[in-house]
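The values are calculated or read from the model by the stated rules, or taken from the named source; none is laboratory data. Keep in mind the model is a prediction, meaning the values are calculated, not measured. Because the Cβ atoms are built from the backbone with ideal geometry, glycine has one as well, and the counts that use them run over all protein chains shown.
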Amino acid sequence: MALLSPYSKVPELNTATVLLVENEEELQNKLANAIVQHEKDFNVNVRLAKKLPLPVENKEARPRIDLIVFIVSLLSERSLQSAESSLSHLHSDCFLGKVCFLVTDARCGSHTQERLVSVRKLAASHHCPVICAEHRTADGVSAAALRLLNILQVSAGMTPMSTTALYLSTLTRCSLTSDLQEDYLQ
Amino acid sequence: MDEQARSVLNRVIRRIPNKNIKNLLSKWNCLSADQLQALDYTKPKRMIVEHIIDCCESSNLNLKHITNLEMIYHLDNPDQGTWYACQLTDAQDDAVCVELTQFKEQFKAHLHGVIRHISIKMKKHEDDAIWIRIAWGDNFSKPNHLKPTYVVHHLHTSYVFISNLMAKHKIFLCQALVVATRHGSIKDGHLSTRSLTAMRDLLLRRYQQVFPSAQSKIQQERDSPPLHPCIGKEHSDYEEMRHQMACEAFGHGPTPKLETAVYKLETRYRGNGNLTVSDREEFFRGVVRFSSSSLLESLRNCVASGMAEGPVTPLLSAITRRGRNSFVITDKGPGVSSQASAPRA
């Protein structure tokens with residue numbers, strides 16, 4: 001099984017690539033459009049995928065991926081399961097600041113709180129940050145796009161002097177609160 | 001006008017919005033232009049009804065005219081009440097040459113022969129559907145026009161749509177239909193919905209179907225503008241395949257607006273673990289009900305967007321393939337019921 005590795009390819013000049021992984025493909029398209037239309041001083045490529053592993057046929061055409069975003073809709077259990085199973089197809093180097101989770105639909109539905117806890121546990125065990133986003137309004141989508149762009153800028157090495165992906169990730173990674181930590185350890 | 005005619009009229013007028021009353025009355029063509037002009041549609045329903053009753057009495061209209069009005073109303077608003085589908089089987093050789101007049105005569109003759117008091121009215125609708133209104137009575141009581149049964153049949157098709165039929169009258173109606181359409185027998189179609197249009201479209205295949213073939217891939221008309229050059233899709237082939245699969249199962253374009261689908265499970269619990277459940281002799285019963293304002297559209301979207309994993313289970317595609325929305329799933333049954341797993345969507 002080919003793992004997705006962040007350092008197996010040479011980066012392109014002044015270009016960053018973000019991979020959005022979402023089982024439902026609902027927010028993915030909106031977010032991709034918001035990201036590419038946002039003004040920024042480097043080129044951004046967006047790759048959309050339903051789940052990992054990525055198809056082998058596109059391997060040559062695919063650029064180096066600098067940030068992998070798992071979009072989890074809290075309305076559906078499958079969304080979470082799919083993200084969880086996709087994680088095993090990543091090389092361990094990715095977890096040094098190149099993976100993050102984006103959760104949506106936290107406000108509606110009945111089991112969202114339990115699922116949010118599961119996502120947080122998942123993220124904490126992989127040392128990744130969790131971002132909450134709203135996808136029903138255009139403002140929410142553009143705010144989420146902006147946050148992802150900021151993370152992408154660091155993880156693609158566009159800000160070499162100020163910070164690095166690993167350093168940012170140690171600051172932003174999801175940590176469990178003490179009560180959650182307890183059940184997690186049990 | 002007797003009491004029954006008044007109540008029928010009252011019920012028809014009460015159901016429609018004030019602004020549509022004028023249209024209905026002019027279609028009915030029983031009141032004169034002056035009488036129509038004199039009606040004030042802004043008044044409360046009760047006063048309008050009284051006014052119409054006065055008009056009817058002065059024009060000597062009777063129950064027959066009023067039932068005609070009710071039929072016109074139902075022809076215009078077919079999606080009311082609960083409709084059931086029945087399927088005619090074992091067509092005889094001359095079933096294809098049944099004419100409207102012949103059908104009418106035989107149907108009426110048969111029912112009049114078995115029930116003394118019955119009132120039957122037939123109308124041919126624009127789309128070649130025959131609408132039949134039957135008010136049932138029995139040997140000692142007059143036909144009850146407040147609970148009429150409506151039957152819709154398209155000649156030379158094997159489906160009949162029935163609404164508001166009492167169980168005790170079912171046998172008479174079925175016999176009359178079988179005789180008049182020259183078929184061998186009639187059976188339950190296992191399809192019921194509030195919308196006659198949806199039922200007709202589904203059973204008479206009046207929606208855009210997609211057939212599996214290698215050459216003709218349907219064009220996906222996407223709402224979204226073409227992709228930005230910087231966006232790449234990793235699973236685009238898979239997405240197309242899913243879309244094709246969804247359209248093959250549930251049709252392309254607007255689908256019939258079915259509202260529910262019911263699956264009754266009569267299966268035994270299988271699997272190890274809980275012995276108290278799996279050891280039992282009797283069935284493990286359960287009902288799975290899907291409901292939506294447009295069920296087929298929802299299911300298609302579920303499959304096309306990848307929320308449900310393909311291929312589409314035969315249990316769900318049977319809704320369109322076999323034109324049913326009520327299924328019984330048994331352990332060792334024929335047909336659809338052979339697969340005992342629960343639907344995955």
(request) Could you check how many residues of region B:117-138 are among the small types (Gly, Ala, Ser) and exposed (fewer than 12 other Cβ atoms within 10 Å of the Cβ)? (result) 0
(request) Search region A:24-42 for residues being more than 20 Å from residue A:13 (Cα to Cα) and either in contact with a Pro (Cβ under 7 Å, 6 or more places away or on another chain) or touching a residue at least 60 places away in the same chain (Cβ under 8 Å) (or both), and hand back the single one that is nearest to the other protein chains (Cβ to nearest Cβ). (result) A:26
(message) Please return the ranges of strands (runs of 3 or more DSSP E) entirely within region B:247-345 where 2 or more residues are among the small types (Gly, Ala, Ser), surrounded by fewer than 16 Cβ atoms within 10 Å (Cβ to Cβ) and at pLDDT 85 or above.
(response) B:284-291
(request) Report, by residue number, each residue of region A:56-99 that is crowded, with 24+ Cβ neighbours inside 10 Å, in contact with a Ser or Thr (Cβ under 8 Å, 6 or more places away or on another chain) and closer than 19 Å to residue A:30 by Cβ. (result) A:67, A:70, A:71, A:72, A:73, A:79
(request) With the checklist (1) in contact with a Phe, Trp or Tyr (Cβ under 9 Å, 6 or more places away or on another chain); (2) surrounded by fewer than 18 Cβ atoms within 10 Å (Cβ to Cβ); (3) within 20 Å of residue B:172 (Cα to Cα); (4) polar (S, T, N, Q) in hand, flag the one item residue B:141 doesn't pass. (result) (1)
(request) Check residue A:61 against each of (1) touching a residue at least 12 places away in the same chain (Cβ under 8 Å); (2) over 23 Å from residue A:150 (Cβ atoms); (3) within 14 Å of another protein chain (Cβ to nearest Cβ) and name the one condition it does not meet. (result) (1)
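From the list B:8, B:96, which one is part of a helix (DSSP H, G or I), aliphatic (A, V, I, L, M) and farther than 19 Å from residue B:181 by Cβ?
Values: B:96 fails: farther than 19 Å from residue B:181 by Cβ.
Just a single option satisfies the conditions, and that option is B:8.
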(message) Can you say whether residue B:72 is touching a helix residue (DSSP H, G or I) at 6+ places or on another chain (Cβ under 9 Å), in the same structural domain as residue B:20 (by TED's automatic domain parsing) and not in a loop (DSSP other than H, G, I, E, B), as far as the supplied structure shows?
(response) yes
(request) For residues that are closer than 22 Å to residue B:308 by Cα and in contact with a helix residue (DSSP H, G or I) (Cβ under 9 Å, 6 or more places away or on another chain), tally how many sit in region A:77-100. (result) 6
(request) Run residue A:2 past the list (1) under 13 Å from the mean Cα position of the chain (by Cα); (2) more than 10 Å from every other protein chain (Cβ to nearest Cβ) and report the number of the one that doesn't hold. (result) (1)
(request) Test each condition in (1) in contact with a helix residue (DSSP H, G or I) (Cβ under 8 Å, 6 or more places away or on another chain); (2) within 30 Å of residue B:29 (Cα to Cα); (3) at pLDDT below 90 for residue B:67 and report the one that comes out false. (result) (3)
